[in-house]
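Enquirer: Below is the structure I would like to discuss, written out as structure tokens.
Where a number appears in this text, it was derived from the coordinates with a stated rule and is not lab data. These figures come from a predicted structure and were not determined experimentally. In this analysis, Cβ positions are derived from the backbone assuming ideal geometry, glycine residues included, and neighbour counts consider all displayed protein chains.
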Amino acid sequence: MPSTRRQFLATSSIAIGATAPGLCASDAPNPTRPLIVSTWPFGKASNDEALRVLTKGGSILDAVEHGIKVTESDTKNRSVGISGSPNAAGVVQQDACIMHGPGHQAGSVAAIEGIIHPISAARRVMEKTPHVMLVGDGARMFAIEEGLNSIDVDSSKLHEAWRKERASKKQAVQKRSKGDHDTIALLVLGPDGNIAGGCSTSGWGGKLPGRVGDSPIIGSGLYIDNEVGAAGATGLGENVMRHCASFMVVDFMRQGLHPQEACLRAIHRISRIDPLATEDLAINFVALDKKGRYGAAGTGTGFKYSVTTKSSSVVLQSPGVTSKDIGPEGGNRK
């Protein structure tokens, strides 16, 4: 591991600078708030919409909701939104959550069917109910009662046909492909220094009906501490959930680590205690802190993430972590 924090950041900058020369995980506090960070290149369009909302005077929650709605509306995206890959019964079931730093508020929906924008349903759960999570038919009924856009869904016949087929011949759950980019996680540091974030996904294609991933689970797919920062995850949800991974990233930032260091440290810690090889974990993080610094990291070769401010909107390559990098507590073998 680099012997000093400065050397560490220099190494990290080299690793992620290939996608956008001169741009890397920020080190110094960013004076140009707002700051928006999201997963994957498709997050850039969501970032741009979030910035537009803020520029017009919208709240950070408005920015998160409307930003994520852009990705949910993208019919070409088969891992987020109503056009996402269906489960084993042929039904699209979606998960989403949202958090608001002030007041430490949260809301989520899971295994919801036929709702065009589950991120909006998650926000309504947070703002209009005493609950944090609604699931399945209850979540759908609530969303429709709230007037959210929906499509007719009659999944009972599909599920019954799947159950009969499953009873006659054991079906295997579809394996994830390595190119399955499954989640939009979007974090916003507002002009006033407050933080909000959200996640949305249609989840693992071919999953068992009723499967819920990390995206709607507070502390797993998303976590915000308004005094510290925020983190979001994407990848194989089961591996993120088992480690409360986004909470872990934020906790490392609370201990003073730069957001990118926190993402890397979380991957190292998970890899040391998880029986899976690092490359097979398929976990990736984005993070930002109260100071306006940001970063990301992923297993294997890393992943691309999007960063937007008033002056730029870019896609960056995060550093990757492999099994050979994992050393004792504190960092790399290198």
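Enquirer: Identify the GluC sites (Glu not before Pro) of the stretch 229-334 meeting these criteria: DSSP loop state and at most 10 other C-beta atoms within 10 Å of the C-beta.
Expert: GLU329
Enquirer: Out of every Cα pair in the stretch 231-329, what percent are spaced more than 22 Å from each other?
Expert: Working: 1086 of 4851 pairs.
Across the stretch 231-329, Cα pairs with separations above 22 Å total 22 percent.
Enquirer: While we're on this one: Using the beta-carbon distance between ARG242 and VAL132 and R0 = 25 Å, what value does 1/(1 + (r/R0)^6) give for FRET efficiency, to the nearest 0.05?
Expert: The formula returns an efficiency of 0.80 here.
Enquirer: On to the next question. Between GLU146 and THR301, 0.36 nm times their residue separation minus their Cα-Cα distance comes to what?
Expert: Fully extending the segment from GLU146 to THR301 adds 51.6 nm.
Enquirer: Please report, in cubic angstrom per residue, the volume enclosed by the convex hull of the alpha-carbon atoms of the stretch 5-325.
Expert: Per-residue hull volume (Cα only) is 125 Å³.
Enquirer: Skipping prolines and chain starts, which residues have an amide H placed within reach, meaning under 5 Å, of the one on GLN105, given they are 5 or more residues away or on another chain?
Expert: Those lying under 5 Å, H to H, from GLN105 are HIS100.
Enquirer: Now a separate question. When a footprinting reagent is the concern and you count Cβ atoms within 10 Å, what order do TYR305, TYR223 take, fewest first?
Expert: TYR223, TYR305
Enquirer: If you don't mind, there's one more thing I want to ask. Between their Cα atoms, which of LYS44/LYS291; LYS69/LYS324; LYS44/LYS290; LYS76/LYS324; LYS164/LYS304; LYS207/LYS290 are more than 31 Å away from each other? It would help to have the intermediate numbers written out before the result.
Expert: On the way: LYS44/LYS291 22 Å; LYS69/LYS324 39 Å; LYS44/LYS290 21 Å; LYS76/LYS324 36 Å; LYS164/LYS304 41 Å; LYS207/LYS290 37 Å.
From the list (LYS44/LYS291; LYS69/LYS324; LYS44/LYS290; LYS76/LYS324; LYS164/LYS304; LYS207/LYS290), the Cα-Cα distance tops 31 Å for LYS69/LYS324; LYS76/LYS324; LYS164/LYS304; LYS207/LYS290.
Enquirer: Here is a follow-up. So if each residue of separation counts as 0.36 nm, and I subtract the Cα-Cα distance between SER313 and ARG52, what length gain in nm does that give?
Expert: 92.8 nm
Enquirer: Which order results if SER202, SER83, SER46 are arranged by neighbouring Cβ count within 10 Å, fewest first?
Expert: Listing SER202, SER83, SER46 from fewest to most nearby Cβ atoms yields SER83, SER202, SER46.
Enquirer: Can you sort ILE273, ILE218, ILE36 from fewest to most other Cβ atoms within 10 Å of each residue's own Cβ?
Expert: ILE273, ILE218, ILE36
Enquirer: Moving to a separate point now. Only bridges with both residues in the stretch 5-325 count here: give the DSSP antiparallel percent, nearest 5.
Expert: 90
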